[in-house]
Amino acid sequence: MLAFQLHQLQEIDTGRDRLQAEIRALEARLADRSAIEAAGQAVAAAKVTLERARQALRAAEAEAESVRQKIRRTEQTLYGGQVRNPKELQDLQREAEALKRLLAVKEDAQLEAMLAAEEAENAFRAAETRLNALQEERLQQEARWNGDLATHRQRLATLDQRRQHLTTTLPGDALNTYERLRQSRGGLAVATVTEGACDACGAPLTPDLLRAARSPDTLAFCRTCKRILYIP
Ligand SMILES: [Zn+2]
């Protein structure tokens, strides 16, 4: 009877251990927002890159436009009819040609800046999409985890009540022995006997020990692992 009660207590405690481990794991998952935070940081970084790329594009556009204006001014002077000196006209012609070569360089730079800005825009959108997907997934996960957490906590409360009720009916020294063994034996204080052997360590039991384990009011212990023996 005593071994049976301690076996029941062991079942309750094993269940409590498992629930507590699951509750801790769920709480850790709920507390860990690192994936979302990393995705949020990626969006912020992509936004900075995009803003810089847009700035660079505006600067490249302004530079090209400034060269175009210089070309227009030079050509206006060149074809305006006010300059007639051939040497001056030749200089203006050369200047216009040099400016056109410069414009080609500036337009290449502008095109590159445009491509870079497009790329940065795409990277920013992709980072945002990823963050949104993670946030949506997280909401669903949190709902599920919180649901599981509530269920586990409720089950744990039920087991706590059953444990409290059971321990009030147990003699203090048996309970102390049980608690001590549970601490020193990885949470398992009571071993079931199956086919004449200890279930916890596998050691076979002598006939004397088997008889002792059947006693209703004294406890018998496995000689190998020292756990309380319980014969179903
Ligand atoms: Zn054993």
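Below are the figures for this structure:
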{"read-out": "Farthest positive-ward along the stretch 113-158 dipole, Cα basis, beta-carbon charges - from LEU156, ALA127, ALA116", "value": "LEU156"}
{"read-out": "Lys, Arg +1 and Asp, Glu -1 on Cβ, resulting dipole of the stretch 170-213 about Cα centre, debye, nearest 20", "value": "120 debye"}
{"read-out": "Alpha-carbon centroids, the stretch 1-46 and the stretch 49-127: separation in whole Å", "value": "63 Å"}
{"read-out": "Size of electric dipole in the chain: Cβ of Lys, Arg +1 and of Asp, Glu -1, about Cα centre, debye, nearest 20", "value": "380 debye"}
{"read-out": "Total formal charge among the other residues, if their Cβ is under 14 angstrom from that of ALA120, Lys/Arg +1 and Asp/Glu -1", "value": "-1"}
{"read-out": "Neighbourhood charge, 15 Å Cβ-Cβ cut-off, centred on ARG68 and excluding it, Lys, Arg +1 and Asp, Glu -1", "value": "-2"}
{"read-out": "Candidate residues TYR230, TYR178: accessible-area rank, largest first, probe 1.4 Å", "value": "TYR230, TYR178"}
{"read-out": "Length added when fully stretched, TRP145-ILE23, from 0.36 nm per residue minus Cα-Cα", "value": "43.0 nm"}
{"read-out": "Over the stretch 5-125: Rg over Rh, Cα atoms, Kirkwood Rh", "value": "1.66"}
{"read-out": "Where only alpha carbons of the stretch 25-64 are counted, the Rg and the Dmax (Å)", "value": "18.0, 60"}
{"read-out": "Per residue accessible area in Å² of the stretch 1-134, where ligands, DNA and RNA are left out and the probe is 1.4 Å", "value": "65 Å²"}
{"read-out": "Positive-end residue, the stretch 33-156 charge dipole about Cα centroid, Cβ charges, pick of GLN141, ASN85, LEU102", "value": "GLN141"}
{"read-out": "Length gained when the stretch THR168-LEU210 is fully extended (0.36 nm per residue, less Cα-Cα span)", "value": "12.4 nm"}
{"read-out": "Calculated SAXS-style log₁₀ I(q)/I(0) at q = 0.09, 0.14, 0.18 Å⁻¹ - the chain, Debye, Cα scatterers", "value": "-0.67, -0.95, -1.18"}
{"read-out": "Local net charge near GLN82, Cβ-Cβ under 14 Å (Lys/Arg +1, Asp/Glu -1)", "value": "0"}
{"read-out": "Dipole of the chain [Lys/Arg +1, Asp/Glu -1 at C-beta], most positive-end residue of ALA25, ALA220, VAL190", "value": "ALA220"}
{"read-out": "Mean Cα-pair separation over length for the chain, i.e. relative contact order, pairs under 8 Å, 6 or more apart, %", "value": "33 percent"}
{"read-out": "Two-decimal log10 I(q)/I(0) for the stretch 63-196, as the Debye equation yields it once each C-alpha is a single scatterer, q = 0.17 Å⁻¹", "value": "-1.03"}
{"read-out": "THR224, THR206, THR192, ranked by accessible area, largest first (probe 1.4 Å)", "value": "THR224, THR206, THR192"}
{"read-out": "Computed magnitude of the charge dipole of the stretch 146-205 (debye, nearest 20; Cβ of K, R +1, Cβ of D, E -1)", "value": "200 debye"}
{"read-out": "Heavy-atom accessible area ranking, 1.4 Å probe, most first, across LYS87, LYS70", "value": "LYS87, LYS70"}
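The values are calculated or read from the model by the stated rules, or taken from the named source; none is laboratory data. These figures come from a predicted structure and were not determined experimentally. For neighbour counting, all protein chains shown are included, and Cβ atoms are generated from backbone atoms with ideal geometry for every residue, glycine included. When the accessible area is computed, the model is the full protein with side chains, heavy atoms only, and any ligands, DNA or RNA have been set aside. Shrake-Rupley method; radii C 1.70, N 1.55, O 1.52, S 1.80 Å.
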